[in-house]
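Structure first, then comments.
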Amino acid sequence: MKKLLLVIRWIIGLLFIFSGLIKANDPLGLSYKMQEFFSVWHLSALNDTTLTLSVVMNIFEVLAGVAVILGWRMKLFSWLLLLLILFFSFLTGYAAYSGKIKTCGCFGDCLPLTPIASFSKDIFLLILILLLFFYRKKIQSGWKSPGPQVILLLTVVAVGGLQYYVLKHLPLIDCLPYKAGNNLLEEMKVPSGAIPDSTVITFQYKKDGKIVSFSADEFPADFDSTYEFIDRVDKVVRKGNATPAIVDFSLHDQEGNDVTNTVLAQQGHYVLLFAKDLSTYNDWSNPTFVSILQKCQQLKIPFYLVTADIHNAATIFAKIPGVQLLQCDGTVIKTAARVLPTFFMMQGATVQYKVGGYDQNEVMKILTGLPGQ
């Protein structure tokens, strides 16, 4: 039994550590997923708390994984793990059977799982954690104080530090379709060989006071004007994969014209600065930013500010030369650019570099290395 419990501890611990770390790489992504759940449950008032909840949850997930591997204070952590997996099972179960959430975000954007796969994973973990819970008194840690306390404290500092870093800069591993190296126009196309959804269309009519239903291939032989149309239902019986990696991405000029293809079809270098809003403008509108604009003008590289707050941007940048304003949906910008703001160094439709707004010196280095246009 001791060997079995040891194996179970390692499986649970490594899964929790992996899950926590992969989400700690992009805590904003998890906070957006929480907002999706809150929106479905009509709890949008809690949206301002999601980033804090995300950071704390990621730390606790890794902490619990390390603690269970160490076997430290299993009476406490077996209870905490049980409560945590019950909570996760509820979320993934809701996502799987309500159909209102496409992915649960269990492993972030780097390893997207379908709701049913996520729920199955949590049920597997629940079984293991229940075994651990019932035999928790048999688990004795081989570590002596203050060893476990030091390791757990370092875990909290490391995971907290990682999240602080990626929130100031960018995720260490970019798993989004807007990552460096991707061609945005290609990512907006349906994948080659993709299979469309298989849909069955069912019609409802009233005939002689009764509601009758039939598919498009099974119309009654006596169908005529005596059938009164009630409703049409399109049911997906087999989900396909004919969905582009990037959807709803569009750029509009100040007059509202769609200029997405015009901008992305440029053959040379240009810069897209994504800033959902300008609430932090005073933080990044520094001498380095001015130097970036001047360098772009010198190299004849177009510089675009992409924002959802186009009216405020028009006021702020009215007297700043070299900045062209483009409008984009705020939700799309949150997906494309995790840091406010984020520089996209483009060549054609390909993202060459992504740089967070706090690393403007890196932008200058990249521009300095470019040949004159």
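The values are calculated or read from the model by the stated rules, or taken from the named source; none is laboratory data. Computed from a prediction, not measured in an experiment: that's the story for all the values here. A quick note on method: Cβ atoms are made from the backbone with ideal geometry, for glycine too, and the neighbour counts reach across all protein chains shown. These accessible areas exclude ligands, DNA and RNA; they are computed on the full protein's heavy atoms, side chains included. Shrake-Rupley method; radii C 1.70, N 1.55, O 1.52, S 1.80 Å.
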**Q.** Given (1) among the polar types (S, T, N, Q); (2) open to solvent by 10 Å² or more (accessible area, probe 1.4 Å); (3) under 16 Å from the mean Cα position of the chain (by Cα); (4) at pLDDT 90 or above, number of the condition Ser54 does not satisfy
**A.** (2)
Q: Could you give me the residue pairs with C-beta distances under 7 Å whose first residue belongs to the stretch 1-17 and is under 14 Å from Met74 (Cα atoms), whose second residue is open to solvent by less than 90 Å² (accessible area, probe 1.4 Å) and in a loop (DSSP other than H, G, I, E, B) wherever it lies, and which are 6+ apart or on separate chains?
A: Leu5/Tyr135; Leu5/Ile139; Arg9/Gly71
Q. Does Ile320 qualify as being modelled with pLDDT of 90 or more, of a type in the set (Val, Ile, Thr) and open to solvent by less than 50 Å² (accessible area, probe 1.4 Å)?
A. no
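One line per residue, one yes/no per condition, for (1) open to solvent by 70 Å² or more (accessible area, probe 1.4 Å); (2) within 30 Å of Met345 (Cα to Cα); (3) at pLDDT 90 or above; (4) not in a helix (DSSP H, G or I):
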{"residue": "Leu91", "(1), (2), (3), (4)": "no, no, no, no"}
{"residue": "Ala95", "(1), (2), (3), (4)": "no, no, no, no"}
{"residue": "Phe107", "(1), (2), (3), (4)": "no, yes, no, yes"}
{"residue": "Ser118", "(1), (2), (3), (4)": "no, no, no, no"}
{"residue": "Lys137", "(1), (2), (3), (4)": "yes, no, no, no"}
{"residue": "Leu167", "(1), (2), (3), (4)": "no, yes, yes, no"}
Q: Would you be able to tell me the number of residues in the stretch 18-49 that are over 13 Å from the mean Cα position of the chain (by Cα) and without any contact (Cβ under 8 Å) to a residue 40 or more places away in the chain?
A: 11
Q.
Considering only residues that are β-branched (Val, Ile, Thr), open to solvent by less than 40 Å² (accessible area, probe 1.4 Å) and not in a helix (DSSP H, G or I), which ones fall in the stretch 333-373?
A. Val339, Thr342, Val351, Val355
(Q) Please go through the stretch 4-42 and give me each residue that is assigned to a loop (DSSP other than H, G, I, E, B), within 18 Å of Thr103 (Cβ to Cβ) and open to solvent by 20 Å² or more (accessible area, probe 1.4 Å), ordered by number. (A) Asp26, Trp41
(Q) Of everything in the stretch 232-255, what is out of contact with any Asp or Glu (no Cβ under 8 Å at 6 or more places or on another chain) and at pLDDT below 85? Give them in sequence order. (A) Arg232, Val233, Asp234, Lys235, Val237, Asn241, Thr243
Q) Looking at the stretch 65-89, which of its residues are under 26 Å from the mean Cα position of the chain (by Cα) and open to solvent by less than 10 Å² (accessible area, probe 1.4 Å)? A) Gly65, Leu81, Ile85
Q: Show the residue pairs that are 6+ apart or on different chains and have beta-carbon atoms under 9 Å apart, the first residue being within the stretch 206-227 and hydrophobic (A, V, I, L, M, F, W, C), the second being part of a loop (DSSP other than H, G, I, E, B).
A: Val212/Pro220; Val212/Tyr227; Phe214/Pro220; Phe214/Phe223
(Q) Yes or no: the stretch 146-153 includes at least one residue that is over 30 Å from Trp72 (Cα atoms) and touching a residue at least 60 places away in the same chain (Cβ under 8 Å). (A) no
Q. How do the pairs read when you match residues in the stretch 169-183 that are more than 20 Å from Leu21 (Cα to Cα) with residues anywhere that are assigned to a loop (DSSP other than H, G, I, E, B) and of a type outside the set (A, V, I, L, M), using Cβ under 8 Å and keeping only pairs 6 or more apart or on different chains?
A. Ala180/Asp174; Asn183/Gly348
(Q) Take the residues in the stretch 140-162 that are over 18 Å from Leu14 (Cα atoms), touching a Leu at 6+ places or on another chain (Cβ under 9 Å) and of a type in the set (Gly, Ala, Ser); name whichever of them is most open to solvent (accessible area, probe 1.4 Å). (A) Gly142
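Let's see how each residue does on (1) closer than 18 Å to Ile8 by Cα; (2) charged (D, E, K, R):
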| site | (1), (2) |
| --- | --- |
| Trp41 | no, no |
| Ile69 | yes, no |
| Arg73 | yes, yes |
| Thr92 | no, no |
| Ala96 | no, no |
| Lys102 | no, yes |
| Thr114 | no, no |
| Phe124 | yes, no |
Q: Under 7 Å between Cβ atoms, at least 6 apart or on separate chains: pull out the pairs that start in the stretch 297-313 with a residue that is part of a strand (DSSP E or B) and end on any residue that is among the basic types (Lys, Arg).
A: Thr307/Lys276
(Q) Against the condition touching a residue at least 40 places away in the same chain (Cβ under 8 Å), out of contact with any Ser or Thr (no Cβ under 7 Å at 6 or more places or on another chain) and among the aliphatic types (A, V, I, L, M), how does Leu76 come out, does it pass? (A) no
Q) Restricting the search to the stretch 275-301, which residues are farther than 17 Å from Ala314 by Cβ and open to solvent by less than 30 Å² (accessible area, probe 1.4 Å)? A) Trp284, Phe289, Ile292, Cys296, Leu299, Ile301
